[in-house]
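Here is the structure we will look at.
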Amino acid sequence: MRFFLIGMPGSGKTFWGKKVADFLNLEFIDLDNEIVKSENKTIQQIFQQKGETLFRKIENFTLKNIINRQTDFVLACGGGTPCFLNNLNMMKNTGKVFYLHTSIKYIAKNILDDHSNKRPLLKFTTEKELIENLTLILNERIDFYKQADIIIDIEKWNETQIFNTFVF
């Protein structure tokens, strides 16, 4: 089975993706890491050198390649992946899509705790700016996220409840 995790940057897609993959004994794949490997550049470098439009085409191509080469995995998508180039429909047609729903406050804390700030669309200097930026991005993406097959409330659900949503 193919499981796609979508949600805002900092919502825990990689963290929970690894845990769920271990629980289900499936391979975990991080879409951004696959892009970095294939392009031999960081996501930031791709954005800076090629722009977001070309990045989204690379992202779409990489997503298709993963889907075409494997039938069983847990994939942590980039925050914008479901919003571009029909990626959401492609994921829904080939597997199950899980939206990791979290509050902006939760996401901001995760990003601030990360310290690397390697997310190209999240430029900020203060926590207030970060929260404002996250709110704008979420408002642009929420209609895509809500189309997921299953919505998981990361802040309210415990690990067992989260794992059980992946067992059919």
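Less than 20 Å from a label point 7 Å out along the Cα-to-Cβ axis of Asn164: which backbone N atoms in the stretch 8-22 qualify, by residue?
16-17, 19-22
With a ≥ b ≥ c taken as the square roots of the eigenvalues of the C-alpha gyration tensor of the stretch 55-166, please select rounded if a/c is under 1.5 and otherwise prolate if a/b is larger than b/c or oblate if it is not?
It is oblate, given that a/c is not under 1.5 and a/b is not larger than b/c.
Considering only protein heavy atoms, what per residue accessible area in square angstrom results for the stretch 32-118 with a 1.4 angstrom probe?
Using a 1.4 Å probe on heavy atoms only, each residue of the stretch 32-118 averages 50 Å².
Please give the contour-minus-distance gain from Glu52 to Lys64: 0.36 nm per residue of separation, less the Cα-Cα distance, rounded to one decimal in nm.
2.5 nm
Please work out the FRET efficiency for the pair Glu27 and Lys105, using the Cβ-Cβ distance as r and a Förster radius of 45 Å; give the result to the nearest 0.05.
Taking R0 as 45 Å, the efficiency between Glu27 and Lys105 is 0.90.
So which lysines pass the test for Lys19, namely a Cα distance under 18 Å, with those fewer than 8 places away in the same chain ruled out?
Lys19 reaches Lys96, Lys156.
What is the set of long-range amide H partners of Phe73 at a cut-off below 5 Å, with H atoms built 1.01 Å from backbone N?
Arg2, Phe3
Kirkwood Rh over Cα pairs of the stretch 1-129 into Stokes-Einstein at 25 °C, 0.890 mPa s: D in µm²/s?
162
Could you pull out every one of the lysines with an alpha carbon less than 20 Å from that of Lys41, ignoring same-chain neighbours closer than 8 positions?
Answer for Lys41, where 20 Å is the Cα cut-off: Lys50, Lys57, Lys64, Lys118, Lys123, listed by chain and number.
What are the ³J(HN,Hα) values, in whole Hz, obtained from phi via the Karplus relation 6.51 cos²θ - 1.76 cosθ + 1.60 with θ = phi - 60°, for each residue of the stretch 98-108 in sequence order, with x given for Gly and Pro?
In residue order, the calculated couplings are 10, 9, 8, 7, 8, 7, 4, 4, 4, 5, 4 Hz.
Only Cα pairs under 8 Å and at least 6 apart count here; give the relative contact order of the stretch 30-168 as a rounded whole percent.
27
The values are calculated or read from the model by the stated rules, or taken from the named source; none is laboratory data. Remember, it's a predicted structure, so these values are computed and weren't measured experimentally. A quick note on method: Cβ atoms are made from the backbone with ideal geometry, for glycine too, and the neighbour counts reach across all protein chains shown. Accessible surface is based on the protein model in full, side chains and every heavy atom, while ligands, DNA and RNA are left aside. Shrake-Rupley method; radii C 1.70, N 1.55, O 1.52, S 1.80 Å.
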